[in-house]
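Since the structure comes first, as structure tokens, the remarks are kept for the end.
The values are calculated or read from the model by the stated rules, or taken from the named source; none is laboratory data. These figures come from a predicted structure and were not determined experimentally. Cβ: placed from backbone, ideal geometry, glycine included. Neighbour counts: every protein chain shown. The accessibility values were calculated without ligands, DNA or RNA, using every heavy atom of the protein model including side chains. Shrake-Rupley method; radii C 1.70, N 1.55, O 1.52, S 1.80 Å.
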Amino acid sequence: MCSKFAEKFEKNVLRTIKDYSLASKSDKVVVACSGGKDSTSVAGILLENGYDTEALHIDLGIGDWSKKNRGNISSFCSERGIKLHIASTRDYFGSSVCYLKSSLQAKANLTSCSVCGVMKKWILNRKAREIGAAMLATGHNLEDEARTAAMNLINGNPELNLFSSPGRKANGKIFVPRIKPLYFCSTPDIERYSREMEFPVLYDRCPCSKGSFGRNVVEELETVSGGFPELKMNFVRTFLEIQKKAPVCGKTAVVCNFCGEPSRRGVCRTCSMLSMLRKPVVNPSRGT
Ligand code: AMP
Ligand code: ZN
């Protein structure tokens, strides 16, 4: 039996799916499952509500932490009959994330999270396309979105916030549409839901993410605002409101000249990172 809180939480997530037309029951929705509370909750809610749900996990090879996450998502999926796809950086780039991160950090001023984030995004899109996903659902939540919006402003890329939304449509066949059913859900609510549902997940952060600048920025914002609870919601909703009033022209689809994956420039960030290590992408064939 679900508690009143859990029922309300699920209703809110389903409302986001409906309001933003994120998916229909005939779509194959592949959930990017890290093994954490957010993406596991997304997979659980979609499955329970009749969506054609599969899971995609990237084994990052970060010691015990990755082993536990992989074990957790495997048991979650097998208990519920969810098809689980597993990929790793080794499959595509021939090395573990840890090796790639430390080699790149020795050559360039890159944070651990930025290397990992770029590689994860690349694999998620490639693998989701290979397995015929109609869309890729992620566990991005309100804090993630507020952090990204703040980072875009700080980094001098405010226009990127105009593309942020619970759902991003395909722009050509290369980019697998993204959906973020937890876009308006706060971390404490997701954690409470996941604990009530007794999902087998770790509640600790990735051991490599300590001191991440993006996380610190949002935590700082919370501190100066005295923990004002609506701050993040207002911040994120502001950009959705601007989008309604001033629709932006669609970004033209650009693909990387080397790997054929979506890119904002001629060479994607994954390929430019790999080129610093003189490593080509292992499977360079252009997907369709
Ligand atoms: P992060 O970039 O770690 O904040 O994660 C954002 C979202 O990306 C998560 O909610 C997941 O949906 C997805 N994700 C992160 N790590 C993995 C992983 N190892 N395997 C599959 N999906 C992941
Ligand atoms: Zn590339």
### Query
If you check Leu124 against the conditions, is it farther than 24 Å from Ser39 by Cα, of a type in the set (A, V, I, L, M) and assigned to a helix (DSSP H, G or I)?
no
### Task
Mind listing whichever residues of the range 122-138 are away from ligand 2 (no atom under 15 Å from the Cβ) and either more than 18 Å from His57 (Cβ to Cβ) or open to solvent by less than 10 Å² (accessible area, probe 1.4 Å) (or both)?
Ala128, Ala134, Leu136, Ala137
### Message
For the range 251-284, give me the residue count where each residue is at pLDDT below 60 and open to solvent by 70 Å² or more (accessible area, probe 1.4 Å).
### Response
2
### Query
So which residues in the range 41-83 are more than 23 Å from Cys185 (Cα to Cα) and open to solvent by 50 Å² or more (accessible area, probe 1.4 Å)?
Asp64, Trp65, Lys67, Lys68, Arg70, Ser78, Glu79, Arg80, Gly81, Lys83
### Task
Could you list all residues from the range 18-55 that are under 18 Å from Ile73 (Cβ atoms), hydroxyl-bearing (Ser, Thr, Tyr) and assigned to a loop (DSSP other than H, G, I, E, B)?
Ser34, Tyr51
### Message
Quick check on the range 208-221. Is at least one of its residues modelled with pLDDT of 85 or more and part of a helix (DSSP H, G or I)?
### Response
no
### Task
State whether the residues of the range 177-192 include one that is modelled with pLDDT of 85 or more, part of a loop (DSSP other than H, G, I, E, B) and surrounded by fewer than 16 Cβ atoms within 10 Å (Cβ to Cβ).
no
### Task
Answer yes if at least one residue in the range 166-174 is open to solvent by 30 Å² or more (accessible area, probe 1.4 Å), at positive phi and modelled with pLDDT under 85, and no otherwise.
yes
### Residue in the range 141-165 that is modelled with the highest pLDDT, counting only those that are over 20 Å from Tyr20 (Cβ atoms) and part of a loop (DSSP other than H, G, I, E, B)
Gly156
### Summary
If we ask which residues in the range 99-121 are within 13 Å of ligand 1 (Cβ to nearest atom) and either outside any helix (DSSP H, G or I) or open to solvent by 40 Å² or more (accessible area, probe 1.4 Å) (or both), their number turns out to be 4
